[in-house]
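> One structure, pasted below without further comment.
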Amino acid sequence: MKVKNVLLSGAFFFILSAKAYSQKLNPETTTDKFKTLLTYISSYYVDTIKEDKLTEEAIIAMLEKLDPHSIYIPKSEVEEMNAPLKGNFDGIGIRFQIMKDTIMVINTINGGPSEKVGVKAGDKILKIDNEPVAGIKIKNNQVREKLMGRKGTKVVIEIMRKNEKKPLVFTIVRDKIPIYSIDAAYMVDNKTGYIKLSQFAETTMSEFNRAIDSLKKLGMENLIFDLQGNGGGYLNTAIDLCDEFLDGRKMIVYTEGRAFDRRDTYAYKDGKFEKGKLIILIDESSASASEIVSGAIQDWDRGLIVGRRSFGKGLVQKPITLPDGSMVRLTTQRYYTPTGRCIQKPYNEGTEAYHKEKYQRYLNGESFNKDSIKIPDSLKFYTRISKREVYGGGGIIPDVFVPLDTTGTSDYLSKLIRNGIFNNFSITYIDKQRKALKAKYPTFQKFKSDFKIDQKLMEEFINYAKSEKIEFNPKDFETSKYIIEVRLKATIAQNLWDYPMFFEIINELNAPLKKAIEIMNDGTYQKMKLAANN
């Protein structure tokens, strides 16, 4: 059965059952009661009040009593929150950074409106629609407001370009700008492909199909699918992805709730990767739709789950648009993996404790030792093919545990990251060296293999950090030197080319990925009693 759009971790549900419609509210004890109180407050309260603000606060307080994932979204934020999942927004197609109170173009979107008229990376925006935007302490959200707008509308920008004596003026017609959910797709060795997915969006399947086809042309036989940090998205996208990995008519997930009958969903078509070794990478921030994919793959013994225990979100939300255009995402159902596992972690101690639970795992030692995970036997289940033990309640527990790697961390490194020093320095460095770098490294692969962070460049970086009030710490630097070099190279690659190149380099620090590659090649995968050994 094909399921229509449903959002999970902040996920949309568009289908209401007849059972849900049949339940009636009692207006005398709900709506009328609230309206009466609001009327009295508005008429007689000692101070002047804003009714709309008071109503919003009441809604927020009411939803907080339900569960951590039932939330209120003001009208002003609805479009911005939905854009990443819709896969596009209306704008001019640039990635920008505010540097020294000046808006700098970092990249233009391939085929986008800005690239078509000749805007280039490194351009500095002086005016937008004849209004000065440089040197006025403009904020990121203010820039977005000025540049975004309805498709077909025009915006005029004035830019200063290096080696140009006078400012250049461009009239740009806004258009649909894609937001990609696949951050990177490349070969990690001769037979193994790697795909990193950041969220489950409307455009994910078309992106996934292009990535799989491209990797197969490069000789891919095995796949590492990275869901680390992926907080979820549309349920139907998770189902469609599972269908690419599972053969036959295997169950993928089922959902049910007080007002909704049980709904079972099965694989229904031939997938692009039903054979071959498959490893899913997860961590404590992999949630909802990520857990549906991980749970189905694990339950059917289709592949291995590598990393750390996932977040533990097994709830489904339905969007409800309110009369003023604001929105509530209301939890309506729970979802269950093919073995019947609900992986929702408890939330009876309140929202704050719920969200701090990830940090509690760190304090309890779970981030470093799988034996610290305590799950009662009552939540034990068995996989559908090989009858391996798996557990419900509180996330997906990986088949192969990879501890959090804290070697190389230091206060100095943390300050560099928190203050955006890597990205800001890279932008400044590339602005000065773009032409020379492109001449010396005409392709990313040439850059990846040959570019080195030499002593001169590192000194420039350290001095730049000092200028941003990050004092140099020799001991911390030696501890974190390798991470600093890798992160700096990755950030330079990102700003010189594009976002996916960042991951090809930064993945040198990705311990679960390294473990997955090892498992693919050392015989461990075959020993895990997976279905037909794939």
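> With the Cα gyration tensor of segment 475-534 giving a ≥ b ≥ c as the square roots of its eigenvalues, does the rule (a/c under 1.5 for rounded; else a/b larger than b/c for prolate; else oblate) give rounded, prolate or oblate?
On the way: a/c = 5.54, a/b = 1.94, b/c = 2.85.
Here segment 475-534 falls in the oblate category.
> Within the accessible area of segment 407-534, what % is carbon and sulfur when the probe is 1.4 Å and the other protein chains stay in place?
Details: 3450 of 6740 Å².
Summing carbon and sulfur atoms, their accessible area is 51 percent of the total for segment 407-534.
> Over all alpha-carbon pairs of segment 449-506, lay out the pair-distance distribution in 5 Å bins, whole %, shortest bin first.
4, 18, 24, 26, 16, 10, 2
> When the convex hull of the C-alpha atoms of segment 213-349 is computed, what volume per residue in Å³ does it have? Don't skip to the end; give the middle numbers.
Details: hull volume 19.6 nm³, N = 137.
Expressed per residue, the convex hull around the Cα atoms of segment 213-349 is 143 Å³.
> Rounded to the nearest whole Å³, what is the per residue volume of the convex hull around the Cα atoms of the chain? List each step's numbers first, then the result.
Working: hull volume 105.1 nm³, N = 534.
Value for the chain: 197 Å³ per residue.
> Dividing the Cα radius of gyration by the Kirkwood radius, what Rg/Rh value follows for segment 321-383?
Numbers: Rg = 16.6 Å, Rh = 15.0 Å.
The Rg/Rh ratio comes out at 1.10.
> What number comes out for the charge environment of Asp522, summing +1 per Lys or Arg and -1 per Asp or Glu over other residues with Cβ under 14 Å away? If you can, show how the numbers build up before the last one.
On the way: positive: Lys191, Lys277, Lys514, Lys515, Lys527; negative: Asp189, Glu518.
That works out to +3.
> Turning to a different aspect of this structure: What are the principal axis extents of the Cα atoms in segment 204-280, in Å, biggest first?
48, 29, 21
> Indicate the gyration tensor shape class of segment 285-418 (rounded, prolate or oblate), computed on the Cα atoms with a ≥ b ≥ c the square roots of the eigenvalues: a/c under 1.5 is rounded; otherwise a/b larger than b/c is prolate and the rest oblate. The partial results should precede the final answer.
Numbers: a/c = 1.86, a/b = 1.04, b/c = 1.78.
Because a/c hits 1.5 or more and a/b fails to exceed b/c, segment 285-418 counts as oblate.
> Also, quick follow-up: Taking the DSSP beta bridges in the chain as the whole, what percent of them are antiparallel, to the nearest 5?
On the way: 53 of 69 bridges.
So the antiparallel bridges amount to about 75 percent of the total.
> In addition: Please report, in whole Å³, the volume per residue of the convex hull around the C-alpha atoms of segment 391-452.
Working: hull volume 11.6 nm³, N = 62.
Normalising the Cα hull of segment 391-452 by residue number yields 187 Å³.
> Where a ≥ b ≥ c are the square roots of the eigenvalues of the C-alpha gyration tensor, would you call segment 432-534 rounded, which needs a/c under 1.5, or, failing that, prolate if a/b is larger than b/c, or oblate?
Verdict is oblate for segment 432-534.
> Counting only protein heavy atoms and using a 1.4 Å probe, what share of the accessible area of segment 136-206 belongs to carbon plus sulfur, as a whole percent?
Percent of accessible area from carbon and sulfur atoms in segment 136-206: 50.
> Further question: What Kirkwood hydrodynamic radius, in Å, does segment 356-513 give when the mean of 1/r is taken over all pairs of distinct Cα atoms and then inverted? Walk me through the numbers before you get to the answer.
Details: mean 1/r = 0.0538 Å⁻¹.
In segment 356-513 this quantity evaluates to 18.6 Å.
> Out of the total accessible area of segment 253-385 (probe 1.4 Å, heavy atoms of protein only), what percent is carbon and sulfur?
Values: 2710 of 5510 Å².
Carbon and sulfur: 49 percent of the exposed surface of segment 253-385.
> Beyond a 27 Å Cα-Cα separation, which of these cross-linked pairs lie in this structure: Lys137/Lys489; Lys176/Lys435; Lys35/Lys345; Lys250/Lys277; Lys191/Lys374; Lys176/Lys275?
Working: Lys137/Lys489 29 Å; Lys176/Lys435 30 Å; Lys35/Lys345 36 Å; Lys250/Lys277 18 Å; Lys191/Lys374 37 Å; Lys176/Lys275 36 Å.
Too far apart for the 27 Å limit: Lys137/Lys489; Lys176/Lys435; Lys35/Lys345; Lys191/Lys374; Lys176/Lys275.
> Could you work out the helix-only [θ] at 222 nm for the chain, with each DSSP H run of four or more residues adding -39,500 (n - 2.57) and the total divided by the number of residues, to the nearest 500 deg cm²/dmol? Walk me through the intermediate numbers first.
Values: 18 runs with 201 residues, N = 534.
Computed mean residue ellipticity for the chain: -11500 deg cm²/dmol.
> A further question follows. Give the cross-link partners of Lys475 among the aspartates and glutamates, using a straight C-alpha distance below 13 Å as the criterion and excluding same-chain residues fewer than 8 apart.
Excluding near neighbours in sequence, the set is Asp411.
> Among the listed pairs Lys446/Lys514; Lys120/Lys154; Lys448/Lys469, which are separated by more than 25 Å between their Cα atoms? Present the calculation step by step, with values, prior to reporting the outcome.
On the way: Lys446/Lys514 22 Å; Lys120/Lys154 18 Å; Lys448/Lys469 31 Å.
As for pairs spanning more than 25 Å Cα to Cα, those are Lys448/Lys469.
> Then there's this: Tell me the relative contact order for segment 360-472 as a rounded percent, counting alpha carbon contacts under 8 Å between residues six or more apart.
Working: 50 pairs, mean separation 20.1, N = 113.
Contact order relative to length: 18 percent.
> Could the peptides 366-374, 183-191, 274-282 be put in order, highest first, of the mean number of other beta-carbon atoms found within 10 Å of their residues?
On the way: 366-374: 14.0, 183-191: 16.3, 274-282: 22.7.
Highest mean packing first, the order is 274-282, 183-191, 366-374.
> Rounded to the nearest whole Å², what accessible area per residue is found for the chain with the 1.4 Å probe?
On the way: 26700 Å² over 534 residues.
Ligands and nucleic acids excluded, the result is 50 Å² per residue.
The values are calculated or read from the model by the stated rules, or taken from the named source; none is laboratory data. All figures in this text were calculated on a predicted structure; none of them were measured in a lab. All Cβ positions, even for glycine, are placed from backbone atoms using ideal geometry, and neighbour counts span all protein chains on display. Accessible surface areas use protein heavy atoms only, side chains included; no ligands, DNA or RNA. Shrake-Rupley method; radii C 1.70, N 1.55, O 1.52, S 1.80 Å.
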